[in-house]
Amino acid sequence: MPSFNYKAINDSGRMMRGEITAANEIDLEERLREIGLDLVNYKEKVGKKSSSRGKVKINDLIVFCLHFEQLDRAGVPVLDSIADVRDAAENPRMRDIMAGVYESVKNGQMFSEALAKYPNVFDDVFVGLVSTGEQTGDLSESFTHLADHMKWSSDIQRKVKKAVRYPIGLLILLTIVIAVLMVFVVPKLIDFIVSQGFEIPLHTRALIATSAFFADYWYVVPIVPTILFIVIRTLYRHSEAFAYKFDGMMLKLPVVGPTMRKIDMARFTHFFAVMFKSGVDILQSLDAATKVVSNRVLKETILTVRRSVATGNTLTDSLRISSQFPSLVVRMFKVGEDSGNMNDALENINFFYSREVNDSVDKMVGMIQPTLTIVMGMLIFWIIAAIFGPLYESFSKMNI
């Protein structure tokens, strides 16, 4: 949908300028008239990204939820709220989507049904919570829960990216340092040692072979990891069996595995709390919360919990059978079930996992730097020993 720069006159006769998306000139005039403006002239913006090429980020959705929640609490009708969100959106893609949602609702569709037309932006869970708000007559509460969940998810994503990018950056730096040493520094020192006829020990011969490999096959260093990454990523996306085994292997890694487990369990419990507080029953809450778990092994475990609850077992007993949740978390669920105050129990569980995720990510990042520092130190020690060892031994023999 194109975007237009317009000039219009308001009810007081003042000239107003702005930008708005519309299907055509007639639609533009109608939209301006709805907000009390009479179109004077307009110009279509050239080079504006269309809705098919734009991208709605999580921050755009958070702003959308907060905006709609405030309007609904103020008693603004849904159609007027959609129009206000549409005109206030900074993201062109979001403006176009809300324009389509506005037209659908205007033609008689439910708000949730209009959002469901854009599954790449509003997933089933998002639409389901909005639908629940429509049924209960409390849309503002649904959007409050959605905004809180997306803020929490954004914070978790930031922590995960921090945990991943930092070691990758250090590994790339370490690889570059090794390559420079092996290609430019070590060969010159080795040539000197060989030319002097010194006796060459095993660790020096290993350094010579490594340096020769880097010099002759330097292109293998960046190519092999890249190809390996592409192969693993392709298999992970297209082979369910490989993806399941890979996820299981990741959970068994020291430090990394427990951190990944806590992140996914935190996602599950947090979203389960969002759904439950919005008035969704336990089985539907489990179904929805399972979708936010990325690890297939953990996802299968939670599906087992869901089946156990469906057969009549309590949520606490089902979680205890899964063995994926700490005993403290299971006890919190039990207290919530026994007291009938599950909301407070879920708040305590969310607090527990938020703290655990923060501590685990910080611990993992904190261990990476000294580990890579030790690796770098051992590498430098190897080079020094391999080069200066023969020199020292030769000089010792000369003194004798």
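Listing for the model above:
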| quantity | calculated |
| --- | --- |
| Pairs where the first residue, in segment 344-373, is closer than 18 Å to Ser153 by Cα and the second is hydroxyl-bearing (Ser, Thr, Tyr), C-beta under 9 Å, 6+ apart | Leu346/Thr269; Ile349/Thr269; Asn350/Thr269; Phe352/Thr269; Tyr353/Thr269; Val357/Thr259; Ser360/Thr259; Val361/Thr259 |
| Filter result (within 15 Å of the chain's Cα centre (by Cα) and among the small types (Gly, Ala, Ser)) within segment 158-186 | Ala163 |
| Close pairs (8 angstrom Cβ cut-off, 6 or more residues apart or separate chains): surrounded by fewer than 20 Cβ atoms within 10 Å (Cβ to Cβ) in segment 140-161, not in a helix (DSSP H, G or I) anywhere | Glu141/Ser278; Ser153/Val292 |
| Some residue of segment 308-326 being among the polar types (S, T, N, Q) and under 24 Å from Asp148 (Cα atoms) | no |
| Scan of segment 55-70 for residues that are modelled with pLDDT under 85 and either part of a helix (DSSP H, G or I) or crowded, with 18+ Cβ neighbours inside 10 Å (or both), ordered by number | Val56 |
| Count of residues meeting criterion [surrounded by 15 or more Cβ atoms within 10 Å (Cβ to Cβ), within 24 Å of the chain's Cα centre (by Cα) and of a type outside the set (A, V, I, L, M, F, W, C)] in segment 96-123 | 2 |
| Candidate set: segment 327-384, residues that are surrounded by 15 or more Cβ atoms within 10 Å (Cβ to Cβ) and of a type in the set (Ser, Thr, Tyr); chosen: the one modelled with the lowest pLDDT | Ser354 |
| Considering residues of segment 305-343 that are touching a residue at least 40 places away in the same chain (Cβ under 8 Å) and among the aliphatic types (A, V, I, L, M) only, the residue nearest to Lys262 (Cα to Cα) | Val329 |
| Matching helices (runs of 4 or more DSSP H) fully within segment 73-141 where at least 3 residues are more than 20 Å from Ser278 (Cα to Cα) and either in the same structural domain as Val274 (by TED's automatic domain parsing) or among the aliphatic types (A, V, I, L, M) (or both) | 78-88, 92-106 |
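The values are calculated or read from the model by the stated rules, or taken from the named source; none is laboratory data. Since the model is a prediction, treat every value here as computed from it, not as a measurement. A quick note on method: Cβ atoms are made from the backbone with ideal geometry, for glycine too, and the neighbour counts reach across all protein chains shown.
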